[in-house]
């Protein structure tokens, strides 16, 4: 079981904590990352794309010319698909793009993403992330104190912390997530991962159940 130092604000040491091997030493399986990120992004798609078929296009209530005797092909309406301005055949319709993965696979993917950051040395556990005011400058100072100024950072907190969450919104490449919303996409799109000490227990409680999924490493 690996041990990591708990950092305080300003690079001060605040003890150490053991990292659960189930969560932070899990197999890293890129194919699970791919599947889970696809699922997350597909679920976010609005799916509002639509076109009109011949029933939805206005006009075209009468035949453009008589059935016989003109030397031209017979036509029933100028809103048929072969006419300019006519209806679209098999066009897109509003739908959901979401698809499902089993909870076992999703947990395995998130364990792998956290293990990857731990293996890279890009994981930090920090005590005292709370702010007492809404001020972006305070978050910048906090990251600077951790040696993460200007880097891509995902901060994971235990629960609601409006001062920190709102103050970090204007900082490029910095995101704040609650432990319950931790996901593979956000872990992978940030180069560094900062976890609040009290959030670490929630993550282990959520992902600490043993299980193997997704095939060989």
Original post:
Here are some conditions: (1) at pLDDT below 95; (2) assigned by TED's automatic domain parsing to the domain that holds residue 32. Residue 115 meets all but one. Which one does it not meet?
Top reply: (1)
Original post:
Identify, please: which residue in segment 31-57 is surrounded by fewer than 13 Cβ atoms within 10 Å (Cβ to Cβ) and without any contact (Cβ under 8 Å) to a residue 40 or more places away in the chain and is, among those, nearest to residue 208 (Cα to Cα)?
Top reply: 34
Original post:
If you scan segment 96-118, which residues turn out to be more than 18 Å from residue 156 (Cα to Cα), surrounded by fewer than 21 Cβ atoms within 10 Å (Cβ to Cβ) and touching a residue at least 40 places away in the same chain (Cβ under 8 Å)?
Top reply: 96, 97, 98, 99, 100, 101, 102, 104, 105, 106
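Are any residues in segment 97-123 in contact with a strand residue (DSSP E or B) (Cβ under 7 Å, 6 or more places away or on another chain) and part of a helix (DSSP H, G or I), and if so, which ones? Walk me through it before giving the result.
Keep residues of segment 97-123 that are in contact with a strand residue (DSSP E or B) (Cβ under 7 Å, 6 or more places away or on another chain), which gives 117, 122-123.
Residue satisfying the conditions is 117 alone.
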**OP:** Would you mind telling me which numbered condition in (1) more than 30 Å from residue 6 (Cα to Cα); (2) in the same structural domain as residue 203 (by TED's automatic domain parsing) residue 65 fails?
**Re:** (2)
Subject >> Those residues of segment 148-186 which are surrounded by fewer than 21 Cβ atoms within 10 Å (Cβ to Cβ), part of a helix (DSSP H, G or I) and in contact (Cβ under 8 Å) with a residue 60 or more places away in the chain, in sequence order >> reply: 185
Original post:
Which is part of a loop (DSSP other than H, G, I, E, B) and exposed (fewer than 11 other Cβ atoms within 10 Å of the Cβ), of 61, 91?
Top reply: 61
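The values are calculated or read from the model by the stated rules, or taken from the named source; none is laboratory data. Keep in mind the model is a prediction, meaning the values are calculated, not measured. No Cβ is skipped: glycine too gets one built from the backbone with ideal geometry, and neighbour counts run over all protein chains shown.
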